[in-house]
Amino acid sequence: MGDTVPLIDAQTANILGSINKFTVQQHVKIFDNCIEQPNTYTIYNLDTQQALIRVQERSECLPRICCKPHHSIILEFNALDPAGNEIFPVITMEREGCCSKPCTGGFVCVDCCAQEAYVHAGAIQNVEAHQAGKLPKDRVIGRMKQPVPFAGGLHPTIQVMDRTPTSDEHWASVVGPTLFGGCSENCCNVPFGVKRVNKDGSVSVDVGNIATITKLKPKSLTGAIREMLTDSDMFQFEIHDPSVTPQQRASLIGVLLLADYMFFERNLDQCGYNDGCYINLCLCYCMGALFPCQLKLPKQ
């Protein structure tokens, strides 16, 4: 099964098509809780732990500080050589944020409320001159969007569209659990299943997941402290269906990073102080919005 509109180069297709298990590690930024820093991720081959791709966020400072995690972002993916040096661009991803789409981040009722992102083949020429959401669309290979209306109800859902010669084709949906985040992240993995979608738009329930995206729990006390005090997260991405094409895999990696911004990029998500101390047990998802389930300790 080949890509209907092949746009990525052969080297990128070889990286994404020859490996079925990836680890995605978000880098720790020392002053991230004081002044919000652009995110950096490294994508590894899970079996060999060889670093494959470096992902760097490009975003404006003021919206990032004031609106995070709903600010506009451009993510640049670059392949790495065995020494960890960037050697060529792989894909580029953009998400238009709340400055131009102010209704994102809450209940999803109409299109202006829905989170949406595009994945482009290779690098975007003169990317500095463009804003997220305004990049040229001639090399788009995939698009991701929350379903309208209600964004999956009680289950966080992201629709994945594949580019065809005439239009976009909704080929998969990524669905996660109702409860996640908070202190529960120290104890439980958070799995997002990737289901293939039928021609009529219904999700195939008679077959298993074609891929799985998992937010991994910490493996040590040091990891738990890092999870509590920073935004650094670790994900695992596994392909179960070999017919998923390289460009579709690129879109699913984009979904993974979009899910990180949507659901897991929250400073001091496990505990904090607001008119008294509080502990977040978990977050509850409802139609696009996140509601904390908290234990509060009043000042008295």
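Just so it is clear, none of the values below were taken in a lab; they were calculated from the coordinates. Quantities reported herein were computed from a predicted structural model and do not represent experimental measurements. Positions of Cβ are backbone-derived with ideal geometry, glycine not excepted, and every protein chain shown enters the neighbour counts.
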Percentage of interatomic Cα-Cα distances in region 254-300 larger than 11 Å | 71
Amide H neighbours of Gln294 at under 5 Å, excluding residues fewer than 5 places away on the same chain, with H built from the backbone geometry, are Leu281
Whether region 1-70 is rounded, prolate or oblate, judged on the alpha carbon gyration tensor where a/c under 1.5 counts as rounded = oblate
Mean projected area (nm²) from the convex hull of Cα positions in region 10-297 is 15.5
Starting from the Cα-Cα distance between His130 and Asp81, subtract it from 0.36 nm times their residue separation and give me the gain in nm to one decimal.
-> 14.8 nm
What is the distance in Å between the Cα centres of region 129-146 and region 203-282?
-> 23
Using the per-residue mean of other Cβ atoms lying within 10 Å as a proxy for protection, in what order, highest first, do the peptides 3-11, 292-300 fall?
-> 3-11, 292-300
Tally Lys/Arg at +1 and Asp/Glu at -1 over every other residue whose Cβ is under 12 Å from the Cβ of Leu46; what's the total?
-> -1
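Suppose every K and R has +1 on its Cβ and every D and E has -1 on its Cβ; what is the size of the dipole of the chain about the Cα centre, in Debye to the nearest 20?
Taking the Cα centre of the chain as origin, the dipole is about 480 debye.
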Calculate the translational D of region 1-117 in whole µm² s⁻¹ from Stokes-Einstein, where the hydrodynamic radius comes from the Kirkwood formula applied to all Cα pairs, the temperature is 37 °C and the viscosity 0.692 mPa s.
-> 202
Grab region 10-297 and count how many Lys pairs have their alpha-carbon atoms under 16 Å apart, sequence gap of 8 or more, or different chains.
-> 7
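Net charge near Pro292, counting Lys/Arg +1 and Asp/Glu -1 over other residues with Cβ under 12 Å of its Cβ?
Values: positive: Arg266, Lys296; negative: Asp269.
Spelling it out: positives minus negatives among the neighbours equals +1.
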